[in-house]
Amino acid sequence: SSCVLKIQGQTSAASALLPGDIDAVIESRLLRTQTAQLAASLLVSPHHGSAGSSSVEFLAAVKPSVVLYPTGYANRFDFPRQVTRDRVQGVGAQEHITGDSGALRAQFDVARGRWQVNSERLADERWWR
């Protein structure tokens with residue numbers, strides 16, 4: 001079980017889907033029951049980008065322009081898996097990996113009609129101070 005959250009701005013371009021730790025079974029259920037509600041320009045990759053997540057059908061329904069992978073650096077599961085990244089690259093989405101960039105800040109730029117994703121680590125190497 002996982003909480004699936006969609007945040008919708010005033011335009012469809014300003015939308016984000018946060019599916020949490022769902023797997024292929026739940027992706028399939030969402031595709032059967034909630035297809036129209038899945039479209040979002042920003043997607044937090046389900047299950048940290050595991051090989052069994054972000055199916056071709058799921059990505060086709062979401063249509064993300066940006067995908068964020070919440071993973072640890074050099075994690076033992078090798079997330080995000082390359083097969084998942086290949087599927088995401090197949091839909092032309094920008095990818096950002098927390099394990100590489102540290103904390104990410106995603107803000108929708110209304111004037112440009114797109115997401116701006118910035119690494120907090122690059123903005124301020126000692127943001128915790």
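The values are calculated or read from the model by the stated rules, or taken from the named source; none is laboratory data. For clarity, every value in this text was computed on a predicted model and none was experimentally measured. Positions of Cβ are generated from backbone atoms using ideal geometry, with glycine treated the same way; all protein chains shown enter the neighbour counts. Remember, those area values only see protein heavy atoms, side chains included, never the ligands or the DNA or RNA. Shrake-Rupley method; radii C 1.70, N 1.55, O 1.52, S 1.80 Å.
Among the chymotrypsin sites (Phe, Trp or Tyr not before Pro) within the stretch 18-95, which fall in a DSSP loop and have no more than 13 other Cβ atoms within 10 Å of their own Cβ?
Working: sites: PHE58, TYR73, PHE77; in loops: TYR73, PHE77.
Hits after loop and neighbour filter: TYR73, PHE77.
Roll a 1.4 Å probe over the protein chains and send me the accessible area per residue for the chain in Å².
I get 60 Å² per residue for this part.
Could you run the Karplus curve 6.51 cos²θ - 1.76 cosθ + 1.60 with θ = phi - 60° over the stretch 12-23 and give me ³J(HN,Hα) per residue in whole Hz, x for Gly and Pro?
5, 5, 9, 10, 9, 10, 10, x, x, 9, 5, 10
Quick check: at a probe of 1.4 Å, how many percent of the accessible area of the chain sits on carbon and sulfur atoms?
Exposed carbon and sulfur together represent 52 percent of the surface.
As a test of understanding, state the convex hull volume per residue of the chain from its alpha carbons, in Å³.
119 Å³
As an exercise, identify the trypsin sites (Lys or Arg not before Pro) in the stretch 76-126 lying in DSSP coil whose Cβ has no more than 10 other Cβ atoms within 10 Å.
Qualifying residues, ordered by number: ARG76, ARG112, ARG126.
Reported to two decimal places, what Rg/Rh ratio describes the stretch 24-79 when computed on Cα atoms with Rh from the Kirkwood expression?
1.00
Quick one: dipole size for the chain, taken about the Cα centre, charges +1 on Lys/Arg Cβ and -1 on Asp/Glu Cβ, in debye to the nearest 20.
Charge dipole of the chain: 180 debye, to the nearest 20.
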